[in-house]
Amino acid sequence: MSLASTPFAIGGLTLKNRIVMPPMQQYQGTAEAFATAYHVHHYARRARGGVGLVIIESTAVAPEGRLMADDIGLFSEAHVAPVAAIAAAVKAEGVPILMQLSHGGRKSRPHPGSRLIAPSAIPHDDDYGMPEAMSLDDITRVVMAFATAARRALSAGFDGLELHAAHGYLLHQFLSPLSNTRGDAYGGDLEGRSRIIADVIRAVREAVGRDVPVTIRVSASDYQEGGLTAEMIAEALTVLIPLGLDAVHVSSGGLSPEPPPNTGPGYQLGFARTIRERIKVPVIAVGNIRTAVQVEDILREGHADLVAIGRPLLVHPDLGRVL
């Protein structure tokens with residue numbers, strides 16, 4: 001039996017295999033951030049294709065935090081029923097489902113008139129524009145938005161949650177010294193820059209209890225001098241994990257407009273292994289992983305505990321059956 005086909009547990013959730021469908025934006029939401037029948041079919045079809053876990057696309061916790069105007073959200077009770085249909089369809093295929101919760105911060109596309117907010121008044125680029133530095137009240141509001149959305153996700157039938165702290169979005173912006181130059185308790189050293197993530201984890205745990213799987217997606221490199229490294233992320237995680245994290249999903253980049261210098265097969269595996277060697281919860285690897293041989297090598301060589309297959313699943317929805 002291949003390692004990929006063996007069961008594995010994240011928290012109290014048992015997966016039938018170690019293949020994960022990671023979050024991938026579909027740009028099919030309505031102007032009001034509602035999921036549609038497209039999403040129900042899309043995710044159920046990949047679940048039917050043999051993956052062990054589905055994590056749906058980044059779902060906004062606040063209206064000003066949507067990554068694009070056609071992303072979905074969970075910032076009102078009216079959003080619950082549309083995403084509940086996704087959860088029901090995926091679980092009907094015998095596959096558990098997590099919701100990725102996010103706030104785009106300075107990389108958001110808020111509706112006209114909404115505020116563009118970030119840890120510090122540092123723009124991502126000219127296209128996104130200059131954000132406002134968040135006040136302490138803003139921080140509290142966003143933390144509570146994550147908790148409220150988490151509670152709604154459970155009421156919609158989701159089995160667990162992933163917190164989006166990668167790809168240059170708000171929680172990543174706080175964590176990186178390149179985008180966070182605050183002088184208060186939410187800036188400065190790594191502990192201060194991690195504080196909002198700690199607050200989010202605590203608030204989410206209070207909202208959903210300890211038994212619900214909660215994972216986090218991180219960017220293990222900013223690919224810039226003075227930015228985050230895998231070692232720094234691992235150091236932050238040693239403090240954050242005991243607050244209630246059950247797995248870590250290791251990606252990279254996104255803080256700046258420049259792409260990673262290398263995106264070859266498995267280009268993020270070194271980051272995943274570095275973090276896995278330093279923490280005590282499962283690690284999910286992701287990044288240009290396409291073949292069964294790759295997957296087996298990743299698991300046997302100890303780079304990660306689970307493997308996320310992204311874009312190939314969009315083209316070949318049954319790929320989970322052959323990996």
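The values are calculated or read from the model by the stated rules, or taken from the named source; none is laboratory data. A quick note: this is a predicted structure, and the numbers were derived from the prediction, not measured. For neighbour counting, all protein chains shown are included, and Cβ atoms are generated from backbone atoms with ideal geometry for every residue, glycine included. The area values use the complete protein model at the heavy-atom level, side chains included, leaving out ligands, DNA and RNA. Shrake-Rupley method; radii C 1.70, N 1.55, O 1.52, S 1.80 Å.
Let me have the 222 nm mean residue ellipticity of the chain computed from DSSP H runs of 4+ only, each contributing -39500 (n - 2.57), with the sum over all residues rounded to the nearest 500. Mind showing how you got there, number by number?
Numbers: 10 runs with 101 residues, N = 323.
Per the formula, -9000 deg cm²/dmol.
Heavy-atom accessible area for Asp137, with the other protein chains in place and a 1.4 Å probe, reaches approximately 120 Å². Working note: Karplus 6.51/-1.76/1.60 with θ = phi - 60° gives region 14-22 the couplings 9, 9, 6, 8, 9, 9, 10, 8, x Hz, where Gly and Pro are set to x.
Rolling a 1.4 Å probe over the heavy atoms of the protein chains gives region 1-81 an accessible area of 34 Å² per residue.
Restricting region 226-295 to trypsin sites (Lys or Arg not before Pro) that sit in a DSSP loop and have at most 12 other Cβ atoms within 10 Å of their own Cβ leaves Lys280. Using a Gaussian network model of the chain in which every pair of alpha carbons under 10 angstrom is joined by a spring, one finds that among Gly270, Gly12, Gly157 the greatest mean-square fluctuation is at Gly12. Taken over the C-alpha atoms, the chain has Rg and Dmax values of 18.1, 56 angstrom.
Placing a pseudo-label 7 Å from each Cα along the Cα-to-Cβ vector at Ser155 and Asp211 gives an inter-label distance of 2.0 nm. Computed extension gain for Asp189 through Val315, at 0.36 nm per residue and net of the alpha carbon distance, reaches 41.1 nm.
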